[in-house]
Amino acid sequence: MNKKDALAFVENYLTKERFEHTKRVAETAVVLANQYHVSEENAEIASIFHDYCKYRPLEEMKRIIQTTYLPKDLLLYHHELWHGPVASVKIEEEYGIADDEIKSAIYYHTTGRANMSDLELVVFVADYIEPGRNFPGLDEVREMAKKDLIRAAWMVSRNTIQYLMQKNNRIYPDTFYAYNDLTRLIHGGN
Ligand code: DGI
Ligand code: FE
Ligand code: FE
């Protein structure tokens, strides 16, 4: 894949800030990929496309969820959860990317899931820690990402759930599955 072409393609769909975020996620993911022996190219491609459907009209995203293999329960949750799954379908159609590992790193970048691949973890963490972000507790996650990818992903998952609960938002099952699975990997069976 030609990186310049891919960036030019996604730029059409994004605001200036979102495009800058996308480039920073890709740079961050490349660093993590090298550190944790994940394909640098796959990490870069998944990152470039991870948010490219973020601004699709809600009706279009809804229709894609209704008419493809995507799980219908997404429609019962906040539309913020739709852009990853929708992008994983659209990149194949619109850009010819059919690689399942890349598609699933894009699919699960917002929620995570149980049994995440290393590529999925890299994109999930890179999206959270890219240098333009400013969440409470972020420095701790950035430090952890240098030492232990699983523990860093666990912090992302925990922080996201804490944040959503503070706002009285509902939490999609995959978001919990990610947290539970990462907690088990780190802390064992309880
Ligand atoms: O697209 P980005 O802003 O780069 O980041 P993202 O795709 O990781 O997250 C988008 C939003 O989705 C973010 O505000 C957190 C939120 N989110 C993550 N998991 C859940 C969720 N929102 C709800 N309602 N439920 C979830 O399980
Ligand atoms: Fe996103
Ligand atoms: Fe993002």
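What accessible area per residue comes out for the chain, rounded to a whole number of Å², with a 1.4 Å probe? Display every interim value, and only then the final one.
Numbers: 9680 Å² over 190 residues.
On a per-residue basis, the chain sits at 51 Å².
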Would you work out what percent of the accessible area of segment 3-133, with all protein chains in place, is carbon or sulfur (probe 1.4 Å)?
50
Cα-based reach from residue 103 at 20 Å (exclusive), listing lysines while leaving out same-chain residues under 8 positions away:
3, 4, 23, 54, 62, 72, 90
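Starting from the exponent 0.38 and prefactor 2.2 Å, build the expected Rg for the chain from its residue count and divide its actual Cα Rg by it.
0.97
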In debye to the nearest 20, how big a dipole does segment 88-190 give about its Cα centre with +1 on each Lys and Arg Cβ and -1 on each Asp and Glu Cβ?
580
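Using the Cα atoms as the points, what is the convex hull volume per residue of segment 1-94 in Å³?
Measuring per residue, one finds 110 Å³ for the Cα hull of segment 1-94.
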Residue among 15, 87, 39 farthest towards the positive dipole end of segment 3-133, charges placed on Cβ:
15
Taking the alpha-carbon centroid of each part, what is the distance from segment 96-146 to segment 14-81 in angstrom?
10
Treating only the Cβ atoms of Lys and Arg (+1) and Asp and Glu (-1) as charged, compute the dipole magnitude of segment 3-133 about its Cα centre; round to the nearest 20 debye.
400
Helix-only estimate, please: 222 nm mean residue ellipticity of the chain, summing -39500 (n - 2.57) across DSSP H runs of length 4 or more and dividing by its residues, to the nearest 500.
-20500 deg cm²/dmol
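The values are calculated or read from the model by the stated rules, or taken from the named source; none is laboratory data. All values reported here derive from a predicted model rather than from experimental measurement. Heads up, the Cβs are rebuilt from the backbone with ideal geometry, glycines too, and the neighbour counts pull from every protein chain shown. Side chains included, ligands, DNA and RNA excluded: accessible areas come from the protein's heavy atoms. Shrake-Rupley method; radii C 1.70, N 1.55, O 1.52, S 1.80 Å.
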